[in-house]
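The values are calculated or read from the model by the stated rules, or taken from the named source; none is laboratory data. Computed from a predicted structure; not experimentally measured. As a convention, Cβ positions derive from the backbone with ideal geometry for all residues, glycine included, and neighbour counts pool all protein chains shown.
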Amino acid sequence: MIMMNDLRRHVLMVGLGPEALDSVTPALHEEAFSLHTVDASPFVLDLIRGTAFELLVVALPIEGLSIEEVVEAARCPGSLCLTAGLIIVSAPDHLDQAARWIDYGVNRIVTLDWPRSRIWQAFSDLLSESPRVQLTAPIQLDLPRELARDAILLQTSDVSETGALLTGFRTLPLGTRFQFVLRLPGTAIPVRGSAEVVRRAEADREGVEGFGVRYLNLSGESRQTLVGFIEHHAS
């Protein structure tokens, strides 16, 4: 039985082998998280539906279960993990299969051939509690040439100190990196930097269709401008 009455944040890790565990567990400090590691079996589905974990970490490939069954258990009506973060830890040759689930309740995908710093950043993205401001503002993206010949203009749905949710354009591949210019209302200096597509928003669950990006770098006075704007509007 899993005891959930302590103050730590509970994380369920399903089907992860030694290499995967070695790659991801350093991102979860023992003093802050209670880690529950289980093998894949039908029992896990009842565990997910009936236990309020904050984060689910699932291996791919996974023996004894399918990713479809895990996602359905987490996101079905009445599941206590309906709002939990869900990360797939994929073998490199299963990345395309994993990416198909990003529209259906999976929040992040990492692969074991990524640098550990990038893997840990994905966990931080889901577990951080940065203030988020609902905001519709224009944002210009300079995409790689194979995706767009000219800069495109989108709009934000919300912004935080670490990333934003964007709407108004076709789906961009996960991992796409681009330069951007964000113009915040009431600020004289636009926010400039680079970002990466890390997830797609599911309209049925989030009420908006778009994609989430994480800032990779903010130039000049951009971070100061962004932080000041969020602190003012989130208070």
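If you check Arg116 against the conditions, is it closer than 30 Å to Pro26 by Cα, loosely packed, with under 15 Cβ neighbours inside 10 Å and touching a helix residue (DSSP H, G or I) at 6+ places or on another chain (Cβ under 9 Å)? Walk me through how you get there before you give the answer.
Details: closer than 30 Å to Pro26 by Cα: yes; loosely packed, with under 15 Cβ neighbours inside 10 Å: yes; touching a helix residue (DSSP H, G or I) at 6+ places or on another chain (Cβ under 9 Å): yes.
Yes, satisfied.
Report, by residue number, each residue of region 48-70 that is assigned to a helix (DSSP H, G or I) and surrounded by fewer than 20 Cβ atoms within 10 Å (Cβ to Cβ).
Here is the first cut: in region 48-70, the residues assigned to a helix (DSSP H, G or I) are 48-50, 67-70.
Within region 48-70, Arg49, Gly50, Glu68, Glu69 qualify.
Test Val89 against the criterion of being assigned by TED's automatic domain parsing to the domain that holds Gly210, crowded, with 21+ Cβ neighbours inside 10 Å and in a strand (DSSP E or B), and give yes or no. Criteria not met by Val89. Where strands (runs of 3 or more DSSP E) fall wholly inside region 142-235, the ranges with 3 or more residues that are under 18 Å from Pro131 (Cβ atoms) and at pLDDT 85 or above are 152-160, 163-167, 210-218.
Considering (1) in contact (Cβ under 8 Å) with a residue 40 or more places away in the chain; (2) charged (D, E, K, R); (3) within 27 Å of Asp46 (Cα to Cα), the lone condition that Arg100 does not fulfil carries the number (1).
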